[in-house]
Amino acid sequence: MVMAVAFTRYGRLYYLDPGGHTPRVGDKVLVRTDDGPEVAEVVWSTQWVSEDIGGLPICAGVATDEQLDRDERNRRRRAEARVVARRLVRQHKLPMKVVAVDFVDTRPDVDQLITIFFSAQNRVDFRDLVRDLARTLRARIDLRQVGARDEARVQGGIGPCGRDTCCSTFLTDFEPVSIRMAKDQDLPLNPLKISGACGRLMCCLKYEHPLYQDFKVSVPALGCGVSTDEGVEGTVVGYNVPAQTVYVRDRETGRRVACPKASVCGSRQAYEGAVSDGMRPTPDREDV
């Protein structure tokens, strides 16, 4: 059994083992964290899954009225700290942007710690800012600088696809994304088309990249002379990887024909020899 919760509305999903509890969507439950149990909202109710999923944190139960009141106080405290931090940043004229504030008051006997996340183009001297924040908020202050991708993860938002950004919902780590991935997928190299909400290359460029790599290794390269099971003799001029088809220009008619990947082969001897050697077939000199 598995369930999903979120600490903020439309925030990242965390999967839990219900542990004998059966909360409904919208119920408030307790989740064990490093700072103690925190209140989260159920996004997916308890569901049975066929796969054996182990290692999930166990739900600590349904939140009581006292715990809900404490969670509401924490939320008000975070909102207050955000407003104060932004005001003081403007007063000090610092080139930085307050992204998020984290505060959890789980142990009244310990000095309160408020963590403020900010973004900036360069290093910022915020020593005076920290002193003013500590004096105004009457708490210890921890300022942490985050990058563009982490800023999008913390703030959340809508991606070019119209859905919530991957980084703010399910991605746990940022894997390297390169412009080569966009080229391999024949995408327009327009930054407005392949950039996400953070202004960097979209993380989803990596999702289908292995499919394109495997496809292009197993078919003749552009410019290769090929023949198909349908009797078409011509030259490879393009691919449609999602449809698993190869575009061939017929030598006789000049038509551009879409052929299934499995029906296209190059010069039989050259193609089989290249595949047996673990190499990709390359264009014949006379076909280029």
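For every residue, the table says whether it meets (1) among the hydroxyl-bearing types (Ser, Thr, Tyr); (2) within 27 Å of ALA6 (Cβ to Cβ); (3) at pLDDT 85 or above; (4) under 12 Å from the mean Cα position of the chain (by Cα).
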{"site": "ARG127", "(1), (2), (3), (4)": "no, no, yes, no"}
{"site": "ARG135", "(1), (2), (3), (4)": "no, no, yes, no"}
{"site": "GLU151", "(1), (2), (3), (4)": "no, yes, no, no"}
{"site": "THR172", "(1), (2), (3), (4)": "yes, yes, no, yes"}
{"site": "SER178", "(1), (2), (3), (4)": "yes, no, yes, no"}
{"site": "ALA197", "(1), (2), (3), (4)": "no, yes, no, yes"}
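Here are some conditions: (1) touching a Lys or Arg at 6+ places or on another chain (Cβ under 6 Å); (2) crowded, with 16+ Cβ neighbours inside 10 Å. ASP102 meets all but one. Which one does it not meet?
(1)
Return the pairs, sorted by first residue and then second, in which the second residue is assigned to a strand (DSSP E or B) and not basic (Lys, Arg), the first residue lies in region 23-45 and is closer than 16 Å to ASP69 by Cα and at pLDDT below 85, the beta carbons are less than 6 Å apart, and the residues are 6+ apart or on different chains.
PRO37/LEU30; GLU38/VAL31
Condition first: β-branched (Val, Ile, Thr) and loosely packed, with under 15 Cβ neighbours inside 10 Å. Now tell me which residues in region 243-261 satisfy that.
THR253 - this is the single residue of region 243-261 that is β-branched (Val, Ile, Thr) and loosely packed, with under 15 Cβ neighbours inside 10 Å.
Go over the candidates ALA85, ALA40, ALA79, ALA60 one by one and state the one that is among the aliphatic types (A, V, I, L, M), under 28 Å from GLN112 (Cβ atoms), open to solvent by less than 80 Å² (accessible area, probe 1.4 Å) and in a loop (DSSP other than H, G, I, E, B).
ALA60
Filter region 158-176 for residues that are assigned to a loop (DSSP other than H, G, I, E, B) and open to solvent by 30 Å² or more (accessible area, probe 1.4 Å) and give the result.
If the condition is that a residue be assigned to a loop (DSSP other than H, G, I, E, B) and open to solvent by 30 Å² or more (accessible area, probe 1.4 Å), then PRO160, CYS161, GLY162, ARG163, PHE170, THR172, ASP173, PHE174, GLU175, PRO176 are the ones that fit.
Within region 9-18, track down each residue that is in contact (Cβ under 8 Å) with a residue 40 or more places away in the chain and either surrounded by 15 or more Cβ atoms within 10 Å (Cβ to Cβ) or at negative phi (or both).
Within region 9-18, GLY11, ARG12, LEU13, TYR14, TYR15, LEU16, ASP17, PRO18 meet the criteria.
Quick one: count up the residues across region 226-247 that are within 19 Å of ASP184 (Cα to Cα) and part of a strand (DSSP E or B).
8
How many residues are exposed (fewer than 15 other Cβ atoms within 10 Å of the Cβ) and among the aliphatic types (A, V, I, L, M) if we restrict to region 201-215?
1
From (1) within 18 Å of GLN67 (Cβ to Cβ); (2) in a strand (DSSP E or B); (3) open to solvent by less than 40 Å² (accessible area, probe 1.4 Å), pick out the condition that doesn't hold for ALA4.
The single condition ALA4 does not satisfy is (1).
The values are calculated or read from the model by the stated rules, or taken from the named source; none is laboratory data. Keep in mind that this is a model prediction, so the values were computed, not measured. Glycine gets a Cβ as well: all are built from the backbone with ideal geometry, and neighbour counts include every protein chain shown. Side chains are part of the model used for accessible areas, which takes the heavy atoms of the whole protein and leaves out ligands, DNA and RNA. Shrake-Rupley method; radii C 1.70, N 1.55, O 1.52, S 1.80 Å.
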